[in-house]
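Encoded as structure tokens, the structure appears first; notes follow it.
Any read-out appearing in this document is the output of simple, stated calculations on the displayed coordinates, not a laboratory observation. These numbers come from a predicted model, not from an experiment. Positions of Cβ are backbone-derived with ideal geometry, glycine not excepted, and every protein chain shown enters the neighbour counts.
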Amino acid sequence: MTSTVLVTGGAGYIGSHACKALAEAGYTPVTFDSFVTGWRDAVQFGPLEEGDLRDPARLDEVFAKHKPVAVMHFAALSDVGQSARDPGLYWDNNVIGSLRLIEAMQRASVEHIAFSSTCATYGEQDGVMLDETCPQQPINAYGASKRAVEDLIRNFAAAPGAVLNHVFFRYFNVAGADPDGQVGEFHRPETHLIPLALDAVRGRRDKLTIFGQDYPTPDGTCVRDYVHVTDLIAAHVLGLEYLLKGGASEVFNLGTGRGFSVREVVEAVARVTDEPVPAEDGPRRAGDCAALVSGSRKAADVLGWSPDHSTLEQMISTAWAWHQKPGYRN
Ligand code: UFG
């Protein structure tokens, strides 16, 4: 019998790629999703349980039915701008939802969790290559909510008699799509650079606005560390197996250590699509840090992780194939 893993947010961009990778690795991924931001057609690799994490009775039912050996916890709101406008949404959905999930795991004696955290928990630390020991000083409610969930999992794990083995993955900028084209990225509204640039190429929007040209970076635009979603998820499967083999709780940055500016990404989109990217310069976007680049090899050293798909070309070309797929949501 295969082991079951409960995947919260399994109908979302990253969660759906996780379900595919878990199925390929021999697990049964059970998607738990509220469909507030997820997509029904993204659930292809295992059973679906619809529900809201803030509903303890529903969680108890799902844990009793599927008896997962572990949880991968992706379900969260993740729009930084929205979190600045409406912080209560983020504390309620992300933090209270996670609290209810952890409580249900304890009732069901599920001892392992991989949690989707973010480099947004580090906040503004320009010029620093971020590693896992950097102080966490988030500058928006999204980052604050993710840091709070890290704290709550640590607190529960430290309680007398509790067993809650955890890996936290702090993502840099996740991009790209499943190379087989079965799942990909789609947000409504879309706020991310690569899909927006691809939309501009396809004429689905007039042009891309480049937010800020006066940052203290080589070309004045923000620098980010982009990581392919397939590589990101490979780290989660390695992290799960690490926990199941008795590995100690750990936190890992997931980035490649190489930063690209917004202009470099836009140039790469033009190269990969062989089309110009209609773009204009605009003012800075509130809440953006100048540069966020991972300075850690810990995931490579401890988990044996190797982000082999994370060239700009591979990320953009898989996202481009996904955008051009017949049936792509219009
Ligand atoms: N950008 C533009 N124009 C756009 C959209 C984005 O110039 O239309 C720029 C942004 O200003 C930023 C870069 O492109 O400098 C990347 O922006 P994204 O919105 O794609 O990604 P972010 O770096 O803002 O955010 C991502 C995740 C968050 C996570 C954060 C951590 O979406 O969930 O990384 O840095 F918190």
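Two tests apply to each whole DSSP H helix in the chain, Cα reach of 20 Å or more along its axis and mean Kyte-Doolittle hydropathy of at least -1.0, and the ones passing both are 141-158, 229-244. Close amide-amide hydrogen proximity is noted between residue 293 and 130, each under 5 Å apart and 5 or more residues distant or on a separate chain (H modeled in the peptide plane; Pro and chain starts excluded).
Taking amide H atoms as placed 1.01 Å from N in the peptide plane, the amide H of residue 227 lies under 5 Å from those of 173, 174, 175, each 5 or more residues away in sequence or on another chain. If only the Cβ of Lys and Arg carry +1 and only the Cβ of Asp and Glu carry -1, the dipole of the range 79-160 around its Cα centre is close to 280 debye.
Among 146, 67, the ranking by other beta carbons within 10 Å of each residue's beta carbon, starting with the fewest, stands as 67, 146. Mean-square fluctuations from a GNM of the chain, with a 10 angstrom spring cutoff on Cα atoms, peak among 244, 198, 312 at 244.
Taking a straight Cα-Cα cut-off under 27 Å and skipping sequence neighbours fewer than 8 places away in the same chain, the lysines within cross-link reach of residue 298 are 20, 146, 245. For the chain, the ratio of Cα radius of gyration to the globular rule of thumb 2.2 N^0.38 Å stands at 0.96. At q = 0.10, 0.15, 0.17, 0.21 Å⁻¹ the log10 of I(q)/I(0) for the range 159-307 amounts to -0.44, -0.87, -1.03, -1.33, computed by Debye summation with a single uniform scatterer per C-alpha, solvent ignored.
The range 94-152 and the range 11-25 have Cα centres lying 20 Å from one another. Which of the listed residues, 167, 254, 96, is farthest toward the dipole's positive end in the chain, when Lys, Arg count +1 and Asp, Glu count -1 at the beta-carbon? Farthest along the dipole direction, towards plus: 96. For the chain, what proportion of DSSP beta bridges, expressed in % and rounded to the nearest 5, is antiparallel? Rounded to the nearest five, the antiparallel share is 5 percent. Entry note: the range 263-314 has Rg to Rh equal to 1.10, where both radii use alpha-carbon atoms and Rh is the Kirkwood radius.
Relative to one another, the C-alpha centroids of the range 163-182 and the range 51-78 are positioned 18 Å apart. Close amide H pairs (under 5 Å, H built 1.01 Å from N) link residue 4 with 28, 69, residues at least 5 positions away or on another chain.
Add +1 for every Lys or Arg and -1 for every Asp or Glu among the other residues with Cβ under 11 Å from the Cβ of residue 176, and state the total. Result for the neighbourhood of residue 176: -4.
The label point for residue 23 and the one for residue 60, both projected 7 Å from the Cα toward the Cβ, are 3.2 nm apart.
When all alpha carbon pairs of the range 195-271 are counted in 5 Å bins from zero, the resulting P(r) reads 3, 13, 16, 16, 16, 11, 9, 8, 6, 2, 0 %.
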